[in-house]
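The structure appears below as structure tokens.
The values are calculated or read from the model by the stated rules, or taken from the named source; none is laboratory data. Since the model is a prediction, treat every value here as computed from it, not as a measurement. Cβ: placed from backbone, ideal geometry, glycine included. Neighbour counts: every protein chain shown. Note: areas computed on protein heavy atoms with side chains; ligands, DNA, RNA excluded. Shrake-Rupley method; radii C 1.70, N 1.55, O 1.52, S 1.80 Å.
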Amino acid sequence: MTYRDWLPSLWGEDKADVAHPFSDLRKRIDTLFEDFDSALQVGKGDFAVRSNLSETDKEIRITVDLPGIEEKNMDISVSDNRITIKGEKKSENEEKGEREGREFHRIERSSGSFQRSMSVPFKIDGDAVSADFKNGVLTVIIPKPPEVIEQTKKIEIKSAA
């Protein structure tokens, strides 16, 4: 039995890979990191934001990490049972000068936009929703309507003995 028999068949049958059985794996891992890195690079357009959603008997709380985004570049809207949070990040660093006898002009731009929409199991009262932005974290509180709070029933858990 050769070492090739131990390798997954999706690694290909290229004879060049036989000398280096892990070369295809390395190529796949490199591609994975390149794709991840390109999503984080400057000026790539849309980006994903990290958010948490928690629920109590009385409210739903959404927290969203938005580092580098200014409050004026955010928008929160409510329609029926859906809340949408949008934002855009804009920044630019410009440097001009001369280095080693050669002039240079460098501009680094970091920009992009995001949009997250979430549905809840009740109609949202837009006048009751509150939002707070502090230290790059947006906190949105959606109070539950009284009829939804009344419908909540705590279920007792009994141990099996």
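Element breakdown for segment 78-143 at a 1.4 angstrom probe: carbon and sulfur atoms account for 38% of the accessible area.
Projecting the Cα atoms of Thr139, Gly126, Ile149 onto the dipole axis of segment 88-161, where Lys and Arg carry +1 and Asp and Glu carry -1 at the beta carbon, places Ile149 farthest toward the positive end. For Lys144, the residues 5 or more places off, or on other chains, whose built amide H falls under 5 Å of its own are Glu59, Ile60. Could you pull out the pairs from Lys86/Lys144; Lys89/Lys134; Lys86/Lys154; Lys58/Lys89 whose alpha carbons sit more than 27 Å apart here? Violating the 27 Å Cα-Cα cut-off are Lys86/Lys154; Lys58/Lys89.
With all protein chains kept in place, the per residue accessible area of segment 77-161 amounts to 79 square angstrom at a probe of 1.4 angstrom. What the phi angles of segment 142-151 give under the Karplus curve with 6.51, -1.76 and 1.60, with θ = phi - 60°, is a coupling list of 10, x, 7, x, x, 5, 6, 4, 5, 6 Hz, glycine and proline written as x.
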